[in-house]
Structures are given as C-alpha cells and as structure tokens.
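Values quoted throughout were computed directly from the atomic coordinates according to the rules given, and no laboratory measurement underlies them. Since the model is a prediction, treat every value here as computed from it, not as a measurement. FYI the Cβ positions are ideal-geometry reconstructions off the backbone, even for glycines, and counts take in every protein chain you see.
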Amino acid sequence: MILGIDGGNSKTDYFLFTNEGKLKNHIRAGTCSHERLVDGFSGSYRVIKENLDVLLDGAKYKDIDVAVCGLAGVDTKQQKDALVAQLSQFGFGKLVVDNDGFLGIKVGSEDGTGVCSINGTGTVTVGIDGRGNRLQVGGIGDITGDEAGGAFITRLSVKRAYSSIYRCEKKTEFTEEVIKLLKLENKDEFLDAISGIYGKAISHTPYVKLVFDYAQKGDEVALEIVDYVSNSLAHSVVGCVNNLEFGNQLTVILAGSVWTKPKSDVLRDAFKGHVLRLTDKDVKYVVLEVPPAVGAVLWAMEIFKGSALTHEQRADIVKQVSDM
C-alpha cells in the first residue's frame, strides 16, 4: 500500500492508496508537527501512530510499501534526521520525510519542477528546478523573513490596532474592527488581550478575512498589511527562483489556506504584481485546490513504480481525492 501524509501546523491529512492507485482511506486530524507538540519529535511519532491505527483499520504497518511524509518543521538536517529516526519505527518498506512545501510541487506541477509558496498558519517557500536541485527559503521564523501566514497576519493586524491607540499610528475602520474582534471592554484591557493571543491557540481566520474584506474596500491600513505580506512572499519566491536554475518559464504553486480559501484576489493580485517587479520570467500560477497530501501520494507512487506517472495516472489520483 501507499501512504501519503501532509502534516501542517494546524491539521494533518493522511491518505492510504493501493499500489494500483485506488483510494482506500483518508482521515484529517490535528497537527503532528514536533514544533507544536510538548513532546517534540517523539510526539510526532505518537500522534501519527494514533491516526495511522485508525487509517489502517486493522492492516499492518509493514503492509505499507512506500510512505511519503511532508511535514511542517522539517527545515534543517537535524530536524529531518530526528523525524526519520522516529518514523522508521513503523517499519515501512520505504520512508521519505521532507518539508511539506515540496508536496505542492509534486501535485501542482505536471513536470515536477517549480516553486511552491506555502501560506497557511505559517509560511515557507521551496523550489525544484529541471536539474533536480532543491531549495527551501525560510520556514524558521521572522529571522528568515517568514512574514506571512495566518499567524503573522493576525499579529500584524493586532499590532496595527494597538498602535492606532497607543503609538500614534493610523486609525481606520479596519483597526476599529480588529479591536471588536478582541472583545475589549475598554482599551485598558489591550495588553491582556494580546497576552491571550500568545498564550493559547486561536483561530486566525477572522483576522485574515477582516484584512482582505477591508483591503477590498480600500481601507488604508488593511491595504498596507496586504502589500507588506504580498511583498514578503514575492521576495521569498523570486529569491528561490534566483538561487535555482530555471529557464524563462516556470510554475509557481500557491498552497495553504491563506492562498486558497479567500474568495478575494486582493492578496494574490498584489503578490503577482511584486513578482512581476522582481523578475522578468514568464510565471504560470497554480492555486492548489486539492490537498497537498495528494503530492505525497503521487511521490510515493512514483517511488513504488520506479518511474514518473503518466498524465492519466496523475489525473485519476487527483480526481479520486476531489470526488471524496
């Protein structure tokens, strides 16, 4: 059997396929990221095991011929080696562990090359060129320019609202709406509210939606946030392109909830504008509509077969997932 896992910072998709490419089972569960679990790398093994036991429904770990796990937090060799050591305990026929960003390229690009911009809870950019060279840009935090993703947009929105009261910055309808989301009785509670954001898991969706809604309306602060985030994403993508060997044309895959869920094009359009400013390459954009975990399945299937999948084989796997 074939196992494909996409483990993000918020949720994890597990797909089980037969070796002939037929969907057997799928479950979606919470994060398995070592960076989000109190027991770290061993916690990733623990959580994945709990969910695999459900997914396999009585089958054995040894029945899995190839497992590809694209996981958030696989940003360094040390992290990768630690996770491989943990997941090797399952005894799969073959195991591949890599950053979850690479899954987007596997499913979003027909020839398996391009750049994938992940913009979900967090952000990372990865690329694979025609020579097979691979590169990851960012993924560690602010120090590597990870100024995008739902968590960052939430923090920036709250920062701008706070600054509109206490730091002489612009006050707009958007900043007033952010304050309402925080449910403040009065402005003296602002620091307590901010501490609450850092002290517990919160949904970033209302803040992201608020930014896009008010940017569409032309709100000055919301537009500044969109421009800042889109510019940061574009610099990571073009920086990745510049450090790999692409021709005049390339595919850029947009994956993650902040790219794919909003109906508004305001962030995507601003991003494309910044990319156009930074590079003269002909860019084809693909907004990934299927779960990136499909990329793990395609990758695992290629390993099992020992060759690239045909267009028809790829399309059939994607269709099965889309029809779930």
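Please work out the C-alpha center-to-center distance from the stretch 84-127 to the stretch 266-311 and express it in whole Å. Result: 12 Å between the Cα centres.
With +1 on each Lys and Arg Cβ and -1 on each Asp and Glu Cβ, and nothing else charged, work out how big the dipole of the chain is about its Cα centre, in Debye to the nearest 20.
With only Lys, Arg, Asp and Glu charged at Cβ, the dipole is about 280 debye.
Here the residues T12, T76, T121, T260, ranked from fewest to most Cβ neighbours within 10 Å of their Cβ, fall in the order T76, T260, T121, T12.
Counting only DSSP beta bridges whose two residues both lie in the stretch 109-289, roughly 50 percent are antiparallel. Against the chain, whose longest principal axis comes from its Cα atoms, helix 266-278 is set at around 80 degrees.
Using Cα pairs closer than 8 Å and at least 6 residues apart in sequence, work out the relative contact order for the stretch 109-289, in percent.
Numbers: 291 pairs, mean separation 54.5, N = 181.
Dividing the mean separation by the residue count of the stretch 109-289 yields 30 percent.
Each Cα pair under 8 Å and six or more residues apart adds its separation to the average, and for the chain the resulting relative contact order is 21 percent. Per residue, the convex hull around the alpha carbon atoms of the chain comes to 138 Å³. Note on K22: lysines with a C-alpha under 26 Å away, same-chain residues under 8 apart excluded, are K11, K49, K60, K62, K94, K106, K305, K319. Close amide-amide hydrogen proximity is noted between N19 and I2, each under 5 Å apart and 5 or more residues distant or on a separate chain (H modeled in the peptide plane; Pro and chain starts excluded). Residues whose amide H lies under 5 Å from that of V287, counting only those 5 or more places away or on a different chain, are L254; hydrogens are built 1.01 Å from N in the peptide plane.
Taking other C-beta atoms within 10 Å as the exposure proxy, M324, M1, M301 rank M324, M1, M301 from fewest upward.
Pairs of C-alpha atoms in the stretch 110-258 farther apart than 27 Å represent 31 percent of all such pairs.
In order along the stretch 12-26, phi translates into HN-Hα couplings of 9, 9, 10, 10, 10, 10, 6, 5, 8, x, 9, 5, 9, 6, 8 Hz, rounded to whole numbers, per the Karplus curve 6.51 cos²θ - 1.76 cosθ + 1.60 with θ = phi - 60° and x for Gly and Pro.
With neighbours defined as other Cβ atoms within 10 Å of a residue's Cβ, the residues S44, S232, S203, S264 order from fewest to most as S203, S264, S232, S44.
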